[in-house]
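Undergrad: Before I ask anything, let me first share the structure, which is written out below as structure tokens.
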Amino acid sequence: MEGFIAELTSWTGDLVKIVWGIPSIVLLVGTGLYLTIRLNFIQFRGFKHSTQLISGKYDKESDPGEVTHFQALSTALSATVGTGNIAGVATAIAFGGPGAVFWMWLTALVGMATKFASCSLALKYREYHPDGSVSGGPMYTLKNALNMPKLAAAFALFTLIASFGIGNMVQANSVVDGLGYIFPEITAYRLLLGVVIAIMVGLVIIGGIKRISKVASHIVPLMAVIYCGAAILILILNIEKIPGAFATIFNLALNPTAAGGGAIGAAIQYGVARGVFSNEAGLGSAPMAHAAARTKEPVREGLVAMLGPFIDTIIICTMTALVIVIMGAWGEARPETLKGAALSAFAFEQALGQAGSWVVGFGLMFFAYSTMIAWSYYGDRSAEFLFGERAILPYRIIFTVLVVVGAYVPLQLVWNFADIANMLMAIPNLISLILLAGLVKKLSDDYMQK
């Protein structure tokens, strides 16, 4: 069995290099850059208004939809704020060096325009059900706006597969990895821990988007405050090292002499891949959560949605990265066995002692939990689109069972699986955004003029 898993890990690793090659990176970042220019830098022009929208004064009970602007953002953030911020950043630095962080930033900045466009379209082309619930996302945009049912089905299928990777097994695996750093003996009980996590996930996801958004709107802000508070404390205690940390990131991202060899290529590959894993801009997952928002204005929810990459990558991922670089927990100073969440725990422990590793371990546990329940919604929307409402319950059962599998299998195999599925679902979504960029511009211009 171990030989088969090792062979599968090697094979999927080779496939990741192909899937996340230069063409894919150009497509992802290039689409975001194109939309940024086409929409007149909407992420900067609309930023102030987007923060006003989540205050609640624009929410109306009479508007169509199921959840508030803030709840929709919390649900989307709960799918992104998690292992990407803790394990994803650490993995990017471990394999691509600190320079990878620069490319995470770039992916997030242009990704704000990508997410604005995809979520605005999700609201415009969502479908309403007799019970008042709604379904939306790139598959409905592809079907209703572009009359591309086959491409819509392909997106839904890839999202269904991705939900088992990025939204499930990666999360469970990272929880065990993070807790295993704090309590080494717990790794002997990976299977039992997986069962416990699976039960906790199952209890929430059976209730659908309303229960998921309610739980997410409590967990995400609380854990973000605790985790970011610990990171800020470390940065304040080492404030004199922050300029040097930024200099290291920029130098290794842009200076071939300093980075050496193919290090810049690795930094770009891992930076973009982990940036997308962190904020999911371009994947098309978040539009499914934002499509449930109560509003008559598609652009309004698009503006709310673009806060996601900013909060997730520009703020939270940067904090994690700075702590790792400042504490020297990379390069030759990095223990060889520490690559994912355990590396972040190690860096926090260097600064705050055991309390630091506890913040990471338990923060990761709650972040990953909220990510799993949010991604289960993305998966069940895809299952409904492909197979009808009867497929939702079987999907949720399979999703819950795979949590146990994710807790047990090796780290690298799970990450490989997630990376492959991510890119496969991104391609149909990016095609729709490029083709509908003109419509998004018209919608945004009309709304801004109001």
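The values are calculated or read from the model by the stated rules, or taken from the named source; none is laboratory data. What you see is a predicted model, and the numbers here were worked out from it, not measured in a lab. Note: ideal-geometry Cβ built from the backbone for every residue, glycine included; neighbour counts use all protein chains shown.
Undergrad: Name every residue in the stretch 421-449 that is under 13 Å from LEU142 (Cβ atoms) and hydroxyl-bearing (Ser, Thr, Tyr), in order of residue number.
TA: Residue satisfying the conditions is SER432 alone.
Undergrad: Please find, within the stretch 175-215, the residue that is modelled with the lowest pLDDT out of those that are of a type in the set (A, V, I, L, M, F, W, C) and not in a helix (DSSP H, G or I).
TA: Pass one, the stretch 175-215, residues of a type in the set (A, V, I, L, M, F, W, C): 175-176, 179, 182-183, 186, 188, 191-193, 195-201, 203-206, 209, 212, 215.
Filter again for not in a helix (DSSP H, G or I), leaving 183, 206.
Working: PHE183: 80, ILE206: 74.
This residue is ILE206.
Undergrad: Looking at PHE102, PHE155 in this structure, which one is touching a residue at least 40 places away in the same chain (Cβ under 8 Å) and surrounded by fewer than 24 Cβ atoms within 10 Å (Cβ to Cβ)? Don't jump to the end; show me each part of the working.
TA: On the way: PHE155 fails: surrounded by fewer than 24 Cβ atoms within 10 Å (Cβ to Cβ).
After ruling out the rest, the residue left standing is PHE102.
Undergrad: Listed residues GLY406, GLY379, GLY356; which is assigned to a helix (DSSP H, G or I), closer than 30 Å to PHE95 by Cα, within 20 Å of the chain's Cα centre (by Cα) and modelled with pLDDT of 85 or more?
TA: Being assigned to a helix (DSSP H, G or I), closer than 30 Å to PHE95 by Cα, within 20 Å of the chain's Cα centre (by Cα) and modelled with pLDDT of 85 or more holds for just one of GLY406, GLY379, GLY356, which is GLY379.
Undergrad: Next up: Evaluate the following for PHE385: is it closer than 30 Å to LEU233 by Cα, out of contact with any Asp or Glu (no Cβ under 9 Å at 6 or more places or on another chain) and either of a type in the set (Ser, Thr, Tyr) or part of a helix (DSSP H, G or I) (or both)?
TA: no
Undergrad: Select from the stretch 133-151 the residues that are under 21 Å from the mean Cα position of the chain (by Cα) and surrounded by fewer than 24 Cβ atoms within 10 Å (Cβ to Cβ) and list them in ascending order.
TA: SER135
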